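Worksheet: one structure, shown below.
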12 protein chains.
Amino acid sequence: MPSRVYKKVELVGTSTVGIEDAIQNAVETASKTLNNIDWFEVQEVRGHVQDGKVAHYQVVLKIGFRIEA
Amino acid sequence: MPSRVYKKVELVGTSTVGIEDAIQNAVETASKTLNNIDWFEVQEVRGHVQDGKVAHYQVVLKIGFRIEA
Amino acid sequence: MPSRVYKKVELVGTSTVGIEDAIQNAVETASKTLNNIDWFEVQEVRGHVQDGKVAHYQVVLKIGFRIEA
Amino acid sequence: MPSRVYKKVELVGTSTVGIEDAIQNAVETASKTLNNIDWFEVQEVRGHVQDGKVAHYQVVLKIGFRIEA
Amino acid sequence: MPSRVYKKVELVGTSTVGIEDAIQNAVETASKTLNNIDWFEVQEVRGHVQDGKVAHYQVVLKIGFRIEA
Amino acid sequence: MPSRVYKKVELVGTSTVGIEDAIQNAVETASKTLNNIDWFEVQEVRGHVQDGKVAHYQVVLKIGFRIEA
Amino acid sequence: MPSRVYKKVELVGTSTVGIEDAIQNAVETASKTLNNIDWFEVQEVRGHVQDGKVAHYQVVLKIGFRIEA
Amino acid sequence: MPSRVYKKVELVGTSTVGIEDAIQNAVETASKTLNNIDWFEVQEVRGHVQDGKVAHYQVVLKIGFRIEA
Amino acid sequence: MPSRVYKKVELVGTSTVGIEDAIQNAVETASKTLNNIDWFEVQEVRGHVQDGKVAHYQVVLKIGFRIEA
Amino acid sequence: MPSRVYKKVELVGTSTVGIEDAIQNAVETASKTLNNIDWFEVQEVRGHVQDGKVAHYQVVLKIGFRIEA
Amino acid sequence: MPSRVYKKVELVGTSTVGIEDAIQNAVETASKTLNNIDWFEVQEVRGHVQDGKVAHYQVVLKIGFRIEA
Amino acid sequence: MPSRVYKKVELVGTSTVGIEDAIQNAVETASKTLNNIDWFEVQEVRGHVQDGKVAHYQVVLKIGFRIEA
């Protein structure tokens, strides 16, 4: 069996709703162009503030997917 | 145009509800005394446990705001 | 008064619902065998992806509890 | 019950005596202007050397205190 | 001789010119309200891009100053 | 409004002139194939030495750009 | 000769006296239940403050011991 | 389906042969007392030197296993 | 001479044999689609365990290659 | 005025007494062969344990000194 | 062909002019006593402030050179 | 008994064969000029690639040895 090789790309998902929604947005956008997405790893959680409230969350994450060898 | 300068302060927001609520609590408290808050960066997520349940979340975050030069 | 000593163990909670639920699952599982759990510290947030959606969240956390001296 | 919010400030305590004394100096100085100091976290231990001996210790620490909401 | 205590604050200096200019802008802005500034430590160098060119540099730095005890 | 998603790629810009020039070279090269470049984050500054002088600077940086969803 | 294997556990020693005493308290507590303790590694130094003074030190450390294979 | 919870323990495997052998020694020793071991993560590679040669390798690793809920 | 620019991509090579073989697998897979690969940097060494033995190694590495300007 | 250049060397001081004594031992040993020692920076605090007690402290530190240009 | 071995030393270059000049000062000073210097890696950028202006930059860097085997 | 003091130097061993061989090359080269080498700590594993294959491994490591006081 040949060995599998994976690639990781770094995305920033955003959401006005929350952290899980920002992760889901990044994963869904990535899945439009990448097959075989397998896992994600959160790198940073940040966000913008407007008028004393969180306006949107920004979640930096790595997304791992298998490369068709 | 003179260059903008920003300051970052480190707060710990707490919440019995969840991580986003703890962030929001810190941002709202900061906005009572600081103008021009622009962004936040989560540093750590911790919390206290009582009777085998999460009693409250503690989110350490930095809050960035523009300084009036 | 003798000094207190605490121990920290590292767990990975998982959940199909979200990050707080994964934390709560780890805390509840730990509390079945450990008394005196006092706090948790999130180390990493990761997860698995299936069919372009987050299938479950994996939260690596440390759980601190007082040792009976 | 409204959620508590804490602030962390970064100080450098110095002492010719030792590390604990440098911590104590920073904590005492901070307590002159801040109420509700609750904890400290050591970030770095450094120092100056003169004539082949430690002349003074410099302890970089964060000091956390509750904000009156 | 009483021990000296220093405080560190975190600023973000910006400049269209370069990294040293962004540092200098942050230091100058800080010196309008703080006496006894003694040193700085660069934490991050970032910037914004417009039309394929660096539009401005953002240097996150800590600024250390002696506290009047 | 659908949520924006960004991607970060890691480049190494080089220059015989200096750090800002190496950053600019990486940004310009990236902008030939990527639209919507928005920001950069310096990761490392290194370089090669020849005959006791800096021969060129190598700046490792991440470049962030909006993905067309 | 079979290869030795060691385990590391993470403890938090506390003391009203100082950092070395907190380390010693953790080591002594660990040695009540673990044989063959060989070394420790300090991870963090923190503490609680009451009335403008350090009330107790908290030293997070790892303790390494040989496993009976 | 109830959520799975995993635990991570930190071991140090040693070997006179090489890094993979040290990992394997730690994994085998752990598997004598732990069921359901699933993965490992290398933390550090170190070793002892005698007479100008590597006498043995020491690999610090975390071992993850599913907890029977 | 125009300045060279390099790109770094993050891959995960796997192998049942060992760490060097996992690195080689990632490098070979990358070289099928990338020209001018110049260097690699290991980020993490992990692996899966089955029946008390290392089933395969997973080496996360960055691969650097020159971009055709 | 020509610019000053400093060098940093990494030492491990040991002591049966405590952390400050281990630092002092390293500084004194370094000062036998190095002039112009100016500062130290603690990197790690570790130690050996025998019979359930700290046998000696090991402090890894960097020592900075001015180079005679 | 015997394998090459390199050594890295840590220096602090200073300059009143800027970061590149501080790097160049450290490289030039090192090249007076070391042959075969090949590369440098910036570790930290700091500096001193006087009268609200940057008085000099301090760049901590590692310098790598081939050892004559 | 006077306290022992150790020094750590940073080397880069290279090898066309593998990681352990690169470590061994660095240790052997160091032992030609240093007595009392006691341990090593791997800092980074990198390498060069030629024609889609690993051309040689570069292992950055620290080597610790006792100083004759």
| field | Selection from the stretch J:22-54 of residues that are of a type in the set (Asp, Glu), within 30 Å of G:Lys32 (Cα to Cα) and more than 10 Å from chain G (Cβ to nearest Cβ) | value | none
| query | Of all residues in the stretch H:8-21, how many are at the interface with chain I (Cβ under 8 Å from one of its Cβ atoms) and under 8 Å from the mean Cα position of the chain (by Cα)? | reply | 0
| When you go through (1) in contact with a strand residue (DSSP E or B) (Cβ under 6 Å, 6 or more places away or on another chain); (2) more than 13 Å from chain G (Cβ to nearest Cβ); (3) closer than 30 Å to K:Glu28 by Cβ one by one for J:Glu68, which number turns out not to apply? | (1)
| said: Restricting to the stretch F:33-69, name every residue that is polar (S, T, N, Q) and out of contact with any helix residue (DSSP H, G or I) (no Cβ under 9 Å at 6 or more places or on another chain). | reply: F:Thr33, F:Asn35, F:Asn36, F:Gln43, F:Gln50
| Looking at the stretch J:1-56, which of its residues are crowded, with 19+ Cβ neighbours inside 10 Å and modelled with pLDDT under 95? | J:Ser3
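Just to be sure before I move on: is G:Val42 under 18 Å from G:Thr16 (Cα atoms), hydrophobic (A, V, I, L, M, F, W, C), within 15 Å of the chain's Cα centre (by Cα) and assigned to a helix (DSSP H, G or I) in the structure I sent? Steps first, please.
On the way: under 18 Å from G:Thr16 (Cα atoms): yes; hydrophobic (A, V, I, L, M, F, W, C): yes; within 15 Å of the chain's Cα centre (by Cα): yes; assigned to a helix (DSSP H, G or I): no.
No; evaluated as a whole, the condition is false for this residue.
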| Within the stretch L:1-43, how many residues turn out to be within 25 Å of J:His56 (Cα to Cα) and touching a Ser or Thr at 6+ places or on another chain (Cβ under 6 Å)? | 4
| task | Please work out if A:Ile63 is in contact (Cβ under 8 Å) with a residue 24 or more places away in the chain and in contact with a Gly (Cβ under 7 Å, 6 or more places away or on another chain). | result | no
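The values are calculated or read from the model by the stated rules, or taken from the named source; none is laboratory data. For clarity, every value in this text was computed on a predicted model and none was experimentally measured. Cβ sites come from the backbone with ideal geometry, for glycine too, and all protein chains shown count toward neighbours.
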